[in-house]
Amino acid sequence: MQSLPSPSCGRVCAIRQMTKQEHGFPVESAWPEFKLSNMLLSDAVKKFHESIDNEWDFLQRSACQTAAGRALWKHVIHDPVADVLAGEKYLTSLHEKMKKDHLNNAREISGVILAVRTLWFDSKIEAALKSFNGEDTQVVLLGAGMDARAYRLSCLQESKVFEVDFPKLLQMKAALLQLAMSSTTEYEKLAVMAKSLVRVAADIRDDDWLEKLKRSGYLPERNTVWVLEGILYYLSHQQAMQVLNIIAANCNQTHTVLLADFMNKSSTTLSQSNFQFYSDWPDHLLPSLGFSDVKLSQIGDPDAHFGLMHDPFNLFNRLRKLPRSIQTNPDDNKPCCRLYLVSASGSPDQTIN
């Protein structure tokens, strides 16, 4: 786990340096200070986020919720612009939940699953790029949302990054980033770290997103890492399978790596859930589509821990002890809601057993 940073007045949540930690946060009598940056309080940023609140649907707004999680877990996630992309409303809402969890001595602090998920994807992107041994590689973020990896991951320096998402979301994101980069103090060092960044306005629920991606410079014959973080379960079964089949077909042309998270059935059947697609066995599904070397992790596994899952009795560690076939926890009769973090690869010369 990364060391805790010293306080910084231009950040959302200043975490004071401590030696003892709980849930990844310092153990102290007072909850860490919550402070909005000057940029967030500016009229220009407020106006943009008012537009988001009034005009975007729940799926588009979920991008801001994800950014809020990355901003408020900044002691383990380096994402210096996440607060601007999240906006005051989502930062304040999540911070209040985290504070309540802390005061109630909850075993899981709100947002921890998002923190672990982000760190898992970061680590797997870096590992995938290393596996290509310096060859030209493309990284495609489907449903990119407010993702800022092109600005924060040094491992992307030799990669061309494509961000695919709704037109108005990408336009808003670009505008907010431009405001941040024009700042003379807080975000002046913000810059694209990737070799190049191309934003592709497309809805992956439609049939033409791949053609739009190709017209934007994507080369099917070039090594590609596909990143589907927090998106598949918002799609219908037909839409999700179409996306996965399109990516799987790429395995016939070049070395392809897929990084994705899947929900199980219990997660999508909760009341007021907006989730649709699920797979209880993505490690069985992906080989049937043409992928090989499929690896599945759950939150709390050795590669999906990051020092944030020490409590053996937290929800995620308790779930890991139960067979994946069990949909209802016998201890409390609650649904076994699981998130699977999955990496898979494929190439023209692969052999699938």
Across region 201-353, what fraction of all alpha-carbon pairs, as a whole percent, falls in each successive 10 Å bin from zero upward?
10, 35, 33, 17, 4, 0
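Dipole of region 112-234, Cα-centred, from +1 at each Lys and Arg C-beta and -1 at each Asp and Glu C-beta, to the nearest 20 debye?
Working: 16 positive and 17 negative charges, 31 e Å.
It comes to approximately 140 debye.
For region 27-167, build the convex hull from the C-alpha positions and give me its volume per residue in Å³.
On the way: hull volume 18.0 nm³, N = 141.
Hull volume normalised by residue count: 127 Å³.
Which net charge results when you count Lys and Arg as +1 and Asp and Glu as -1 among the other residues whose beta-carbon is under 13 Å from that of SER42?
My count for the surroundings of SER42 gives -3.
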Sum up the lysine pairs in region 213-353 that clear both bars: alpha-carbon distance under 22 Å and a spacing of 8 or more or different chains.
5
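Translational D (Stokes-Einstein, µm²/s) of region 215-286 at 4 °C and 1.567 mPa s when Rh comes from the Kirkwood sum over C-alpha pairs?
On the way: Rh = 13.3 Å.
Roughly 97 µm²/s, to the nearest whole number.
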When the accessible area of the chain is computed with all protein chains present and a 1.4 Å probe, what percentage of it is carbon and sulfur?
48
Calculate how many DSSP beta bridges within the chain are antiparallel, expressed in % of all such bridges and rounded to the nearest 5.
45
Just report the Cα centroid separation between region 57-83 and region 132-172, whole Å.
16
Dmax and Rg, reported as Rg then Dmax, of the chain (C-alpha, Å)
20.0, 58
Can you find, among LEU210, SER279, LEU315, the residue farthest towards the positive end of the dipole of region 191-332? Put +1 on the C-beta of Lys and Arg, -1 on that of Asp and Glu.
LEU210
Using r as the Cβ-Cβ distance of LEU219 and HIS284, and R0 as 41 Å, what FRET efficiency do you calculate, to the nearest 0.05?
0.85
Equivalent ellipsoid semi-axes for region 43-93, as square roots of 5 times the alpha carbon gyration tensor eigenvalues: give them largest first, rounded to whole Å.
19, 12, 8
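Averaged per residue, what accessible area in Å² does region 117-249 show with a 1.4 Å probe, protein chains only?
Details: 5300 Å² over 133 residues.
Using a 1.4 Å probe on heavy atoms only, each residue of region 117-249 averages 40 Å².
The values are calculated or read from the model by the stated rules, or taken from the named source; none is laboratory data. Predicted model, so just to flag it, every value in this text is computed and none were measured. Cβ: placed from backbone, ideal geometry, glycine included. Neighbour counts: every protein chain shown. With ligands, DNA and RNA removed, areas are computed over all heavy atoms of the protein, side chains included. Shrake-Rupley method; radii C 1.70, N 1.55, O 1.52, S 1.80 Å.
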